Amino acid sequence: MAKKKKIIIALAIFIALIICGVAAYFIVSFASDDDTRGRLAVYFFNASAGRVESELRNLPPDESHLQIDMALQHFAFGPESSNLSGVWPQGVAIRDFLTDMYVEDKILIAEFSELYGELPPLDEVIFRSAFTLTMLDLPDIDGVLFRLNSTDEFLESAVSITNNPFISPARRTAQNFTLFFADETGEGLITVIHNAEYVNVHARAQYILSRLIEGQSTPGVFPLIPPETRVRDVLVELDSGIYVDLSSEFHSRFTGTPAQARMMLQSITHTMLENAGSNVQRRVFFLIDSERWDEFHGVSDFNLGFTIDKTMMLCYENEEEYEDVEE
């Protein structure tokens, strides 16, 4: 009798353990699902990995058109992580690029302007992959129809998208760049060599400037460029100048003196011209939200083109003294 009682107790304990295990499984599964419920995976480009990767964003709870609009805004605004880069054409408004978007039979139809055809081939592949994967994460979207004009269109789905944008190694090369930062005392510019494993040659200038902005937190550097600054566009004209278009935070978040403002502008100027890869004498022109400004925090010639000012280098005076001793 005692033996039978022990068996019954053991079975009861075993059953209780099974029930607890099943309950724990459903609790964990529900919690995991709850983490992603109401959230969207928005895809951007990871240059070091050579693929698109996602960041989670919040979505409105119900109406489909609101979710689509919010997804588009998240996608166009760009990533939060410094390891990822946006794929939306820089400096191009949403409706100037994507003229219309609607759903028919679970297919998202995206109508693009002629600007889509101006995307470099590699950038187009990355954009198409990231855009498709982002929109497919929306409820009830089974495919994306890219419509470029009345006769040119193509359908993409999760099956057709290959998350491997390295279609041509010649378009992405390893390079070393010289970046110019203010030294930790704020008295002059110093150089830092940045090694880039993969650089899209079509967005080379944007890449360099983005690394300069991100490098403001590097030890030994006096941060001058506001970290919130976004690179809207960089236009390189072969025979005239380099036009750097920065977001409004470049002006509104800067809190330094006029001397520091000029050093910051020279930091960018040195970096852009040093890495221009040409013997043609160029100038760097600054724009804020695509507009030329006459003055920038006490720098009155902000609307003019900037050239390299060697006196801004930290070691400049020492070089002059050395030359005097030699004579």
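Can we say residue 248 is under 24 Å from the mean Cα position of the chain (by Cα), of a type in the set (Gly, Ala, Ser) and crowded, with 19+ Cβ neighbours inside 10 Å? In short, no. Residues that are crowded, with 20+ Cβ neighbours inside 10 Å and outside any strand (DSSP E or B) within segment 138-156 comprise just one, 141. Yes or no: residue 92 modelled with pLDDT under 90, within 33 Å of the chain's Cα centre (by Cα) and outside any helix (DSSP H, G or I)? Here the answer is no, as residue 92 does not meet what is asked. Once segment 268-304 is narrowed to residues that are hydroxyl-bearing (Ser, Thr, Tyr) and within 15 Å of residue 234 (Cβ to Cβ), the residue that is modelled with the lowest pLDDT is 278.
If you check 171, 204, which single one turns out to be buried (at least 17 other Cβ atoms within 10 Å of the Cβ), at pLDDT below 90, basic (Lys, Arg) and within 17 Å of residue 231 (Cα to Cα)? Quick ask: steps written out before the conclusion?
Working: 171 fails: within 17 Å of residue 231 (Cα to Cα).
So the residue among 171, 204 that is buried (at least 17 other Cβ atoms within 10 Å of the Cβ), at pLDDT below 90, basic (Lys, Arg) and within 17 Å of residue 231 (Cα to Cα) is 204.
If we keep just the residues of segment 62-89 that are under 19 Å from residue 228 (Cα atoms) and of a type in the set (A, V, I, L, M), which is farthest from the chain's Cα centre (by Cα)? Across segment 62-89, the extreme among qualifying residues is 76.
The values are calculated or read from the model by the stated rules, or taken from the named source; none is laboratory data. Model, not experiment: these values are computed from the prediction. Here Cβ is always computed from backbone atoms with ideal geometry, including for glycine, and neighbour counts include all displayed protein chains.
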